[in-house]
Amino acid sequence: MSEFLWVIIESTIKAVIILTLIMLVYGALGVYLERKISAWIQNRIGPNRVGPFGLLQPFADVLKLFLKEDLVPTAANPTFHRLAPIITLGVAVAVYAVIPFGDYVTIAGRNIQLGLAPNANIAILFVLAMTSVGVYGITLGGWSSNNKYSLLGALRSTAQMISYELSMGLALVGVLMVAGTLSINQIVIQQSNYHWNIIYQPLGFILFLVAAFAETNRAPFDLPEAEPELVGGYNTEYSGMKFGMFFLAEYANMGTSSAIMVLLYFGGWQTLVPGGWFGFEPGSIGLALLQFVSFFIKIEIMVLFFIWVRWSVPRFRYDQLMNLGWKVLLPLAIANVAGTGIVSLLLK
Amino acid sequence: MSLEIILFIVLGVMGIASGFVTITSKNPVVSAMALVFHFFMLAGLYLNMHAQFMAVLQVLVYAGAIMVLVIFVIMLLNLGDEEKLKEKFSIRTFVAVLFGIVLLIQFVIIFLASSGSNVLKESNIGSVEMIGNELFTNYLFPFEAISLLLLAAIIGSVILAKRKVD
Amino acid sequence: MTLEYIPLVFMLVFGFGIATVFMYLSEILGAKRSTKEKNTTYESGMTPFKTARDRFSVKFYLVAMLFLVFDIEIVFMYPWAVQFKQLGSTGFIAMMLFIVLLLSGYIYVIKKGALKWD
């Protein structure tokens, strides 16, 4: 029982730290980068009033969102209208339970993992399961609003997400064939000495990347919120922080997708420069910090790529989107699995 | 009481409660969401029995795929006023109750027959590696048969939907 | 063993808890100047007509059904992929047979034009 208490205390501390990270890194920094980069691409200045270089802009935005009037249309179903943003944000946060931010640190003879449950045997499937549950937030949000735009946006979004989930799952099978485990930490450990999985799974990575764009509803797959036709899509009838929760979840999901791609294909927390250069021992705080910074840099590069694509590529048409998912990505993903199998059997 | 027992009781009670909401609620969306919650509780029970792979599949397949389909159906049918659906005593209800009673008797028999010795002890029977090994050696034929079943499901769904599209 | 999964469940509860707190905070802190007009459904400035809960194209339903079948197929591939190196070529041939059967179903779907969006 005391062991149980210890686990709860440890989890609470880690969860609070991770939540702060999500809010600051993915929420604040993500939004700031998105606004600054979009401004840069469109030859504007972007936020520059609140704080130095406009860095405090995201915090001002959050404060504003909390103080905004919270409108619920009379025609809406109030229970599900409230439940939808909770599901979306809750699921987006829960995924971080299995993401390792580094190997481990030894404090007072205890090996503390840098992550809540990174060694869970089913970690990577947990991420997929949570993504598939996240669909409910969008579906319920659109349905409960009782607004035509919302419902159409939710429908499109759900159909899109479930279609690309298939390619994502199949791309993952390729990685699993190389790794032979479902534990994320184990997959990362196998990629030591710069044997990143991207070398063995280049096609798989591209498939995963495209599917990740569609799963996060980011441009060029942002049809659920295609402004000219659907206003705001499934979140049209949301205001105040409830809208902010959808918004935050979108950025958290972008961060999650980036993190998963880094973990699966780019060596995760494996350091960018060998830890031996600084004389760091395994388990020391120095090495853990170096791992965390390396992981963070890799994620930020992925996030920057997400933002760059969003502001450079036009939106797909809906039939093009469904065709890409079902008629291009799905066969390619199956071919990737078969190809990986044949090559690794021949090399054996 | 060990942690496993406490978790079993908590998950079991919450699972039964959500199952009860599923069948008694008048609003089909409430029923569906209660069922999703129920699946999460089931996943928790699987985890408690060290069947991690089963637990995650429970969420991935049932909560993530099948219930999405159910939600779609609810939206597609647009069951506006559920009160209208109230049916009188019919042969269908009678058969349903009959089957329910049979199932209950079965449960009682199983409970009485088991002496508690066949309760699953700590093992890795639910791990992915175990399932992979078993499925592709001892249960290879059933596995291939499943592909035929899934093929039939694909064709069936297309025929079902196409009739309405054309 | 069970303890290993406690943090996972904990994070689920924690995430949903935080989200609930956010929602209530938003409802408490936000301004409250509600009017009848403000609470109508948004429809680009027009007075909303009929309900939004209309029936929609059967194609979405078809996509969901096909997703379900293919998702179950992929689920069978995970244990195989994890054990791929141990199972060797026998396992690979077994899985290829499984995939080919389902690919024939996939080709049927495409040929029937079930996934054609117009």
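Tell me which residues, restricted to the stretch A:261-277, are free of Cβ contacts under 8 Å to residues at least 24 places away in the same chain and assigned to a helix (DSSP H, G or I).
Scanning the stretch A:261-277 gives A:Gly275, A:Gly276, A:Trp277.
May I ask you to verify whether A:Ala333 is touching a strand residue (DSSP E or B) at 6+ places or on another chain (Cβ under 7 Å), in a helix (DSSP H, G or I) and either surrounded by 14 or more Cβ atoms within 10 Å (Cβ to Cβ) or within 12 Å of chain C (Cβ to nearest Cβ) (or both)?
When the stated conditions are applied, A:Ala333 does not pass them.
Just a yes or no: is a residue in the stretch A:98-120 part of a helix (DSSP H, G or I) and either free of Cβ contacts under 8 Å to residues at least 40 places away in the same chain or surrounded by 20 or more Cβ atoms within 10 Å (Cβ to Cβ) (or both)?
Looking for residues that are part of a helix (DSSP H, G or I) and either free of Cβ contacts under 8 Å to residues at least 40 places away in the same chain or surrounded by 20 or more Cβ atoms within 10 Å (Cβ to Cβ) (or both), one finds at least one in the stretch A:98-120, hence yes.
Of the residues A:Phe221, A:Phe306, A:Phe278, A:Phe213, which is over 24 Å from A:Thr131 (Cα atoms) and of a type outside the set (S, T, N, Q)?
Going through A:Phe221, A:Phe306, A:Phe278, A:Phe213 in turn, the sole match is A:Phe278.
With the structure loaded, tell me whether A:Ala249 is surrounded by 24 or more Cβ atoms within 10 Å (Cβ to Cβ) and of a type in the set (Gly, Ala, Ser) or whether it fails that test.
yes
Table: residues versus (1) within 12 Å of chain C (Cβ to nearest Cβ); (2) in a helix (DSSP H, G or I); (3) in contact with a Cys (Cβ under 8 Å, 6 or more places away or on another chain).
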| residue | (1), (2), (3) |
| --- | --- |
| A:Val25 | no, yes, no |
| A:Ala28 | no, yes, no |
| A:Arg44 | no, no, no |
| A:Phe53 | no, yes, no |
| A:Asp61 | no, yes, no |
| A:Ala76 | yes, no, no |
| A:Arg82 | yes, yes, no |
| A:Val91 | yes, yes, no |
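Can you spot a residue in the stretch A:240-260 that is among the β-branched types (Val, Ile, Thr), part of a loop (DSSP other than H, G, I, E, B) and either over 21 Å from the mean Cα position of the chain (by Cα) or away from every other protein chain (no Cβ under 14 Å) (or both)?
Kept after step one, since they are among the β-branched types (Val, Ile, Thr), are these residues of the stretch A:240-260: A:256, A:260.
Still in the list and also part of a loop (DSSP other than H, G, I, E, B): none.
Scanning the stretch A:240-260 turns up no residue that is among the β-branched types (Val, Ile, Thr), part of a loop (DSSP other than H, G, I, E, B) and either over 21 Å from the mean Cα position of the chain (by Cα) or away from every other protein chain (no Cβ under 14 Å) (or both).
Return the residue satisfying two criteria in turn: it lies in the stretch A:176-209 and is under 28 Å from C:Leu115 (Cα atoms) and touching a residue at least 24 places away in the same chain (Cβ under 8 Å), and of such residues it is surrounded by the fewest Cβ atoms within 10 Å (Cβ to Cβ).
A:Leu203
It is to be established whether one or more residues within the stretch C:33-51 are at the interface with chain A (Cβ under 7 Å from one of its Cβ atoms), modelled with pLDDT of 80 or more and more than 30 Å from B:Glu4 (Cα to Cα).
No, the stretch C:33-51 has no match at all.
Out of everything in the stretch A:168-216 that is assigned to a helix (DSSP H, G or I) and among the aromatic types (Phe, Trp, Tyr), what residue ends up being farthest from the chain's Cα centre (by Cα)?
Checking each candidate, the answer is A:Phe205.
If we scan the stretch A:278-285, do we find a residue that is surrounded by fewer than 17 Cβ atoms within 10 Å (Cβ to Cβ), of a type in the set (S, T, N, Q) and either assigned to a helix (DSSP H, G or I) or out of contact with any Gly (no Cβ under 7 Å at 6 or more places or on another chain) (or both)?
Yes; the residues of the stretch A:278-285 include at least one that is surrounded by fewer than 17 Cβ atoms within 10 Å (Cβ to Cβ), of a type in the set (S, T, N, Q) and either assigned to a helix (DSSP H, G or I) or out of contact with any Gly (no Cβ under 7 Å at 6 or more places or on another chain) (or both).
Among the residues of the stretch B:22-50, count how many are at pLDDT 85 or above and either in contact with a Leu (Cβ under 9 Å, 6 or more places away or on another chain) or of a type in the set (Gly, Ala, Ser) (or both).
Looking only at that region, the number is 12.
The values are calculated or read from the model by the stated rules, or taken from the named source; none is laboratory data. Here the structure is a predicted model, which means the values were calculated and not measured. In this analysis, Cβ positions are derived from the backbone assuming ideal geometry, glycine residues included, and neighbour counts consider all displayed protein chains.
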